[in-house]
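Enquirer: Below are the structure tokens for one structure; questions will follow.
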Amino acid sequence: MTSSGLSHVTFIVRDLDRMQQILTEVLGAVRVYDSGSDTFSLSEERFFLVGAGEAATWVATMRGDGGLPRTYNHVAFQVERADLPGLREKITGLGLEIRPPRSRVEGEGDSIYFYDDDGHLFELHTGSLRERLAVYVPPAEPVE
């Protein structure tokens, strides 16, 4: 199997309008589809793109029973460090619960974790996998 990266992520939510507000205001998502009362899948759904071009992440939301237990299972979106303060303001302005940060190793990036109304945990992270691995796995010392 060959994979070219994340295809999409689907969230089951009680309130499609509220989730749209979170996705568009916090993640800058653009809605590209709304099924209305048509149900081609399991229920009413909306599709969003987060990011630009071929690298954009497709986020689907479907109406259903939300209310997940609050755990550390989460989806993360990479953001710029300079944007974190403004994003925190948007999140708190929407009345969303921000989870306390976990301990960090210097150089792995900063994050904001927050829950939506259905218990999905989102992470806004400033680092990349390459940066994290550089911190976690230091280069081997040369052999003489």
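The values are calculated or read from the model by the stated rules, or taken from the named source; none is laboratory data. Here the structure is a predicted model, which means the values were calculated and not measured. Heads up, the Cβs are rebuilt from the backbone with ideal geometry, glycines too, and the neighbour counts pull from every protein chain shown. The accessibility values were calculated without ligands, DNA or RNA, using every heavy atom of the protein model including side chains. Shrake-Rupley method; radii C 1.70, N 1.55, O 1.52, S 1.80 Å.
Enquirer: Determine whether Arg99 is open to solvent by 60 Å² or more (accessible area, probe 1.4 Å) and under 16 Å from the mean Cα position of the chain (by Cα).
Expert: Working: open to solvent by 60 Å² or more (accessible area, probe 1.4 Å): yes; under 16 Å from the mean Cα position of the chain (by Cα): yes.
Yes.
Enquirer: OK, next. Please specify each residue of segment 86-96 satisfying the condition of being of a type outside the set (Lys, Arg) and surrounded by 15 or more Cβ atoms within 10 Å (Cβ to Cβ). Full working, then the answer.
Expert: Here is the first cut: in segment 86-96, the ones of a type outside the set (Lys, Arg) are 86-87, 89, 91-96.
Residues satisfying the conditions are Leu87, Ile91, Leu94, Leu96.
Enquirer: I would also like to ask the following. If you go through segment 16-30 one residue at a time, do you hit one that is touching a Leu at 6+ places or on another chain (Cβ under 9 Å) and open to solvent by 70 Å² or more (accessible area, probe 1.4 Å)?
Expert: Taking every residue of segment 16-30 in turn, at least one turns out to be touching a Leu at 6+ places or on another chain (Cβ under 9 Å) and open to solvent by 70 Å² or more (accessible area, probe 1.4 Å).
Enquirer: Of these, Asp83, Asp117, which one is of a type outside the set (A, V, I, L, M), out of contact with any strand residue (DSSP E or B) (no Cβ under 7 Å at 6 or more places or on another chain), buried (at least 17 other Cβ atoms within 10 Å of the Cβ) and under 16 Å from Leu27 (Cβ atoms)?
Expert: Working: Asp83 fails: buried (at least 17 other Cβ atoms within 10 Å of the Cβ).
Being of a type outside the set (A, V, I, L, M), out of contact with any strand residue (DSSP E or B) (no Cβ under 7 Å at 6 or more places or on another chain), buried (at least 17 other Cβ atoms within 10 Å of the Cβ) and under 16 Å from Leu27 (Cβ atoms) holds for just one of Asp83, Asp117, which is Asp117.
Enquirer: Hey, which of the strands (runs of 3 or more DSSP E) in segment 42-141, taking only ones fully inside, have at least 3 residues that are under 29 Å from Val32 (Cα atoms)? Please lay out each step first, then the result.
Expert: Working: elements: 45-50, 57-63, 74-78, 97-99, 111-115, 121-125.
Where strands (runs of 3 or more DSSP E) fall fully within segment 42-141 and carry at least 3 residues being under 29 Å from Val32 (Cα atoms), they are 45-50, 57-63, 74-78, 111-115, 121-125.
Enquirer: Now, a different point. Kindly provide the set of residues from segment 22-60 that are among the charged types (D, E, K, R) and either touching a residue at least 60 places away in the same chain (Cβ under 8 Å) or in contact with a Pro (Cβ under 8 Å, 6 or more places away or on another chain) (or both), ordered by number.
Expert: Let us first name the residues in segment 22-60 that are among the charged types (D, E, K, R), namely 25, 31, 34, 38, 44-46, 54.
The answer is Glu25, and nothing else.
Enquirer: A further question follows. Would you be able to tell me the number of residues in segment 84-135 that are within 26 Å of Ala60 (Cβ to Cβ) and of a type in the set (A, V, I, L, M)?
Expert: Looking only at that region, the number is 9.
Enquirer: Which condition number in (1) open to solvent by 50 Å² or more (accessible area, probe 1.4 Å); (2) at pLDDT 95 or above is the one that Ile12 fails?
Expert: Failed condition: (2).
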